[in-house]
Amino acid sequence: MNKKWVYLLLLSLIWGTSFILIKKGLIGLTQIQLGSLRIVMTSIILFSVGMPALKEIKRPQWTWIGLSALFGTFFPAFLFAFAQKHIDSAVASILNSFTPLATAILGYTVFRIYTTKRQILGVLIGLVGSIMLILAGTKINPQQNHWYGILVLIASVGYALNVNIIKKYLKDLSPMAIATGNFVLIVLPALLILIATGYFSQVWTMPKVQVSTGYIAILALFGTALAKILFNKMIQISSPVFASSVTYTMPVVAVMWGVFDGERFGWHQVLSAGIVLLGVYLAHQSKKSSRSKAN
């Protein structure tokens, strides 16, 4: 199997599970606590293995590392926490499917990164499937405030910026160097925010906070630390649009977890998910295009 598809499958499983972990984490943690704790825990994990890789980063590249950290990690960690306080985890994962379209648009207009017509077609078909999923979800769960989904769309634009930044300006760095460098720059503000929330006094006395902390520890290890390294590698060996298409496949996993946890899901959403997967397939470049243009 092509390495790109292996990374796509692994990330779909890992990130698809992340949404239910965020949902469980919000039972005992506030949105601010969850976002900042996720960053702090991931930093501890990455620093334990990735510090030697920092020597790869040249001084001019730290600016792009910083922008990558803000748009690809810091802001989304809080945006998803606030959104999932009001909408189902499956719906949040589906709304995140806006990322490939934003990646293609920003890649072409801002970063001048080549995008094939086939990729654009795949993105548009996937987007149609995502919209169908959203509409079906609003009918099944009309009591939810879907306006909070806008926060997920904003995070998706941040992810799109991050993908293009890595592809254009950081492609000569190892995935470990990029991931560790990201968290070197954002761990201190995240730690200060976490301290200000009173988390460290609550975690010793409140069982709910302790259980939720366990879920976020799992999220930090797999959904952030490991996934960041895998995703950075996938960006480097594929096109930005293909890399971001993981946001079209991970909702399938997220929806399965949501249904298992009691979230409602109908056959219209199953059909829409199939359309999403068709879009991913079409977004995959032909071998000829990949060799000549993507890299």
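Every read-out reported here was derived from the displayed coordinates using simple, explicitly stated rules and does not represent laboratory data. In this text the structure is predicted, and so the values were computed from the model without any measurement. Please note: Cβ atoms are built from the backbone with ideal geometry, for glycine as well, and neighbour counts cover all protein chains shown.
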**Message:** With 10 angstrom as the radius, rank 19, 78 by how many other C-beta atoms surround their C-beta, starting from the fewest.
**Reply:** 78, 19
**Asked** Suppose R0 equals 30 Å; then what is the FRET efficiency for residue 203 and residue 260 from their Cβ-Cβ distance, rounded to the nearest 0.05?
**Response** 0.65
**Message:** Could you check the spin-label model distance between residue 3 and residue 192? Points 7 Å from the Cα along Cα→Cβ, value in nm.
**Reply:** 4.0 nm
**Request:** Place the peptides 202-209, 105-112, 176-183, 232-239 in order of packing, highest mean first, counting for every residue the other Cβ atoms within 10 Å and averaging per peptide.
**Result:** 176-183, 232-239, 105-112, 202-209
**Complete:** One quarter of the C-alpha convex hull surface, i.e. the mean projected area of the chain in nm², amounts to 14.8 nm²
**Asked** What list of ³J(HN,Hα) values in whole Hz, one per residue of region 87-95 in order, does the Karplus curve 6.51 cos²θ - 1.76 cosθ + 1.60 (θ = phi - 60°) give from phi, with Gly and Pro shown as x?
**Response** 10, 4, 4, 5, 5, 4, 5, 5, 4
**Request:** Beta carbons within 10 angstrom, averaged per residue: use that to sort the peptides 60-73, 246-259, 82-95, highest first.
**Result:** 82-95, 246-259, 60-73
**Prompt:** When the Cα centres of region 148-209 and region 226-269 are compared, how far apart do they sit, in Å?
**Reply:** 18 Å
